[in-house]
Structure formats: C-alpha cells, structure tokens
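Throughout, read-outs are computed from the coordinates displayed, never taken from laboratory work. Remember, predicted model here, so these are calculated numbers, not experimental data. Reconstructed Cβ throughout: ideal geometry from the backbone, glycine too, with neighbour counts over all protein chains shown.
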Ligand SMILES: CC(C)(COP(=O)(O)OP(=O)(O)OC[C@H]1O[C@@H](n2cnc3c(N)ncnc32)[C@H](O)[C@@H]1OP(=O)(O)O)[C@@H](O)C(=O)NCCC(=O)NCCS
C-alpha cells in the first residue's frame, strides 16, 4: 500500500519532532548506524535556521494527518567534493514500504539540482537489506566497499558506498507521482 506524502524542508520549529523520529529509527534499526542523535533540540533548531546551500533536512509528512514519517539529511561534500551530497534516510518503522523513502530520495535530487549538486552518495552497512534494496532500486550503483568498516552491536559489517548522478535519479520517475512533492 502506498501513502500520500508531502516533502518539505525542515524549519527550526520541527527540530524536536525530527530528533524524536531519528532517535526512534536509531533504536528500531541499529543497522542504519544513525548514532549520536542529539537529545537537545535547541542547537539543532538553530542549525536548521542556518541551512544554506551546504545541506538540507527534508521531511516527509503524511498528507492526511501531517504526521512526520520520514527524514532525509542531505550534506554537501567539502572543497573539491562540493558537487556531491551525501544522503541519509530514516523512515518510521510503521510507514515503511509505502514509498516514503523513494519520495525523500527524489526530493533530495530536486534539492541537489537546484543547488548545482551533480552526484548523490550514500553509505550503507552491508547487513542493511532495506537500504541496499532501496538505493539499488532507485538507480544508485555500488561504487566502493570498505570491508569490516562498521562495528554495530559487536559485529562487523562492510560499509557499502552508493552513488548516482542527480540527473539520473530525477529522470527515474516514480510511477505513481501525481504532482511535485506528492506521492500516492
Ligand atoms: C531504508 C528505508 C529508508 C526505506 O524506506 P521506505 O520508505 O520503506 O522505502 P520505500 O517504500 O520508498 O521503498 C522503495 C523501494 O526500495 C526497495 N525496498 C525498500 N525497503 C525494502 C525492503 N525492506 N526489502 C526489499 N526492498 C526494499 C523496494 O524496491 C521499494 O520499492 P517497492 O516497495 O515498490 O518494492 C527504511 O527502511 C529505513 O528508514 N530504514 C532504517 C534507516 C536506514 O537504514 N537508513 C538508510 C541509511 S542511509
């Protein structure tokens, strides 16, 4: 089943809700390797207020109830990697497999295109089947692998490095996209 989702940039007032969702996903999905989610929303709110062209925090909300169901953190690379941006995703467990992750990746590609970003990258632990499948399904290629780079819960996992051109991600139109930012 798919769900109607609207994606928008986070504002300072969203800080507590975003950290709450990231904290929940970090606990529910240890292989997401979302560590170090801050407890205090104040500095995060200030950071959200200062977001320029160096990155974005994108929120997916269920249209019907305006419930926050997913977050994408897009962070532009430094110096000579400024034409790239790294993408991290977190979707609430109850909202998975309904197209929310797909909508966030597409929104990240739109943000990237507006900012002159040419490539999106993502880092995934080798045991994280959902994320491996998602990036594979959305046109990302595996561009590198760091064996045993991630220790999660006492076990070692490879870090799988994905990459895709922004233009290619944008061209991969979601079949049910009705209008920009809304997926059914
Ligand atoms: C990975 C994650 C973001 C996927 O979000 P999602 O909203 O469930 O993904 P979508 O519903 O948009 O899935 C899009 C496609 O990805 C693939 N996919 C996603 N989850 C999958 C799974 N568990 N098993 C197999 N394929 C999967 C499918 O091809 C799917 O398309 P389909 O449902 O039409 O078959 C979500 O599982 C999550 O938040 N996991 C914990 C955090 C994390 O691991 N983040 C990634 C680190 S960057």
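Overview of values
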{"item": "Potential extension, residue 156-residue 47 segment - 0.36 nm per residue separation minus Cα distance", "result": "36.0 nm"}
{"item": "Whole-angstrom gap from the range 1-35 to the range 83-109, using each part's C-alpha centre", "result": "10 Å"}
{"item": "Net lengthening on full extension, residue 133/residue 2 (0.36 nm per residue, minus Cα-Cα)", "result": "45.4 nm"}
{"item": "Mean ellipticity per residue at 222 nm, deg cm²/dmol - from DSSP H runs of n ≥ 4 across the chain, formula -39500 (n - 2.57)", "result": "-9000 deg cm²/dmol"}
{"item": "Cβ-Cβ FRET estimate between residue 173 and residue 11, R0 fixed at 41 Å, reported to 0.05", "result": "0.90"}
{"item": "Translational diffusion of the chain, µm² s⁻¹ [Kirkwood Rh, Cα pairs; Stokes-Einstein; 37 °C; 0.692 mPa s]", "result": "197 µm²/s"}
{"item": "Gaussian network model of the chain, Cα within-10 Å springs - most flexible of 37, 74, 166", "result": "37"}
